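The block underneath contains the structure these notes are about, expressed in structure tokens.
Every number here is computed from the coordinates shown, using simple stated rules; none is lab data. Source: prediction; values computed, not measured. Positions of Cβ are backbone-derived with ideal geometry, glycine not excepted, and every protein chain shown enters the neighbour counts.
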There are 2 protein chains.
Amino acid sequence: MKDFMLEAIRQAKKGLKLGEVPVGAVIVKDNEIISSCHNLKETVGIVTAHAEMLAIQNASEILSNWRLTGCSMYVTLEPCPMCAGAILQCRINKLYIGTFDPTMGACGSVVNILQNRRLNRWVDIQWMYNEQCSEMLEKFFKSRR
Amino acid sequence: MKDFMLEAIRQAKKGLKLGEVPVGAVIVKDNEIISSCHNLKETVGIVTAHAEMLAIQNASEILSNWRLTGCSMYVTLEPCPMCAGAILQCRINKLYIGTFDPTMGACGSVVNILQNRRLNRWVDIQWMYNEQCSEMLEKFFKSRR
């Protein structure tokens with residue numbers, strides 16, 4: 001489990017090198033990584049190029065199915081409403097989160113898209129509170145000020 | 001204004017012909033359409049291929065900018081959390097909606113991603129309650145039962 005988050009962190013660092021907000025996401029099925037991506041929003045110039053969205057697109061192409069039932073996602077930062085919405089729709093069962101996002105977090109910090117009975121679906125969330133994830137982001141935002 | 005929604009409806013009908021849930025989205029800047037798309041989720045097999053997401057990606061490519069400031073979107077059906085999240089992030093100023101979605105609507109029907117002060121951004125919503133939009137969807141879902 002820790003190894004999958006380490007791969008997500010490796011991805012985030014790759015994004016950092018490109019000047020992106022360092023976020024990495026990994027999708028796992030049957031204990032194997034099937035997709036791992038980092039944020040590419042600034043590089044490609046499209047808001048939909050978040051790590052989680054790219055990882056979902058990639059996994060759907062690999063499985064030839066928009067349903068990612070039985071898959072888990074490991075992500076270094078709490079997903080925003082867009083990404084949480086995509087996670088909900090593609091039927092990912094479980095989400096492991098490295099650190100919380102107090103400004104746009106949609107898995108409990110600001111809103112909760114993944115665990116709202118009115119949306120008729122539910123994704124299990126496991127918070128990992130990984131120090132590397134939070135430190136990497138803090139450092140990035142400090143360097144931007 | 002009505003003409004832009006009519007174009008969104010035309011797009012939705014194109015999607016319908018492909019067996020997609022009929023949803024169309026149009027992005028307008030300076031009173032001109034810069035992007036219009038329909039739902040392609042089943043055709044491409046990826047949940048992120050909703051009409052709104054494709055329209056945003058297309059507009060960002062055209063403007064070479066992830067910020068769609070000064071743009072409006074016309075969409076035949078109330079956006080889901082994923083699409084509402086993307087609309088919020090790309091700085092679309094105003095959203096015109098054809099009909100509401102009582103199951104996944106994220107612009108007031110189930111949740112409201114676009115007008116939540118805690119998310120630190122705000123998108124104006126204008127409901128158009130267009131009969132064509134609701135009838136087209138009702139007919140589609142009846143035919144699927």
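Rounded to the nearest 20 debye, the dipole size of chain A about its Cα centre is 240 debye, using +1 on the Cβ of Lys and Arg and -1 on the Cβ of Asp and Glu. What percentage of all Cα-Cα pairs in the protein assembly as shown are separated by more than 31 Å? Roughly 24 percent, rounded to a whole number. For the peptides A:38-44, B:136-142, residues were scored by their other Cβ atoms within 10 Å and the scores averaged per peptide; the highest-first order is A:38-44, B:136-142.
Using the Cβ-Cβ distance between B:Arg144 and A:Ser134 with R0 set to 30 Å, the FRET efficiency works out to roughly 0.10. A label point on A:Asn116, set 7 Å along the Cα-to-Cβ line, lies at 0.5 nm from each of its counterparts in the other copies, closest listed first.
Which whole-number percentage describes the relative contact order of chain B, with Cα contacts under 8 Å and a sequence gap of 6 or more? Let's see the in-between values first.
Working: 307 pairs, mean separation 26.8, N = 145.
For chain B, the relative contact order is 18 percent.
Bridgeable aspartates and glutamates around A:Lys2 (alpha carbons under 14 Å apart, same-chain partners fewer than 8 residues away excluded): A:Glu32, A:Glu131.
Globularity index of segment A:6-114 is 0.96 (Cα radius of gyration / 2.2 N^0.38 Å, N = number of residues). With its label point defined 7 Å out from Cα along the Cα-to-Cβ axis, A:Gln132 lies at 5.4 nm from the matching points of the other copies, in increasing order. For A:Lys14, the lysines whose Cα falls under 16 Å of its own Cα, not counting residues fewer than eight places away in the same chain, are A:Lys41, A:Lys139.
Just checking the listed ones, A:Asn120, A:Asn58, A:Asn112: in the Gaussian network model of chain A with Cα springs under 10 Å, the one fluctuating most is A:Asn120.
In the elastic network of chain A, a GNM with C-alpha springs shorter than 10 Å, the most mobile of A:Pro81, A:Pro22, A:Pro102 is A:Pro102. Sorted shortest first, the separations between the A:Leu6 label point and its copies elsewhere in the assembly read 6.2 nm; each point sits 7 Å from Cα along the Cα-to-Cβ line.
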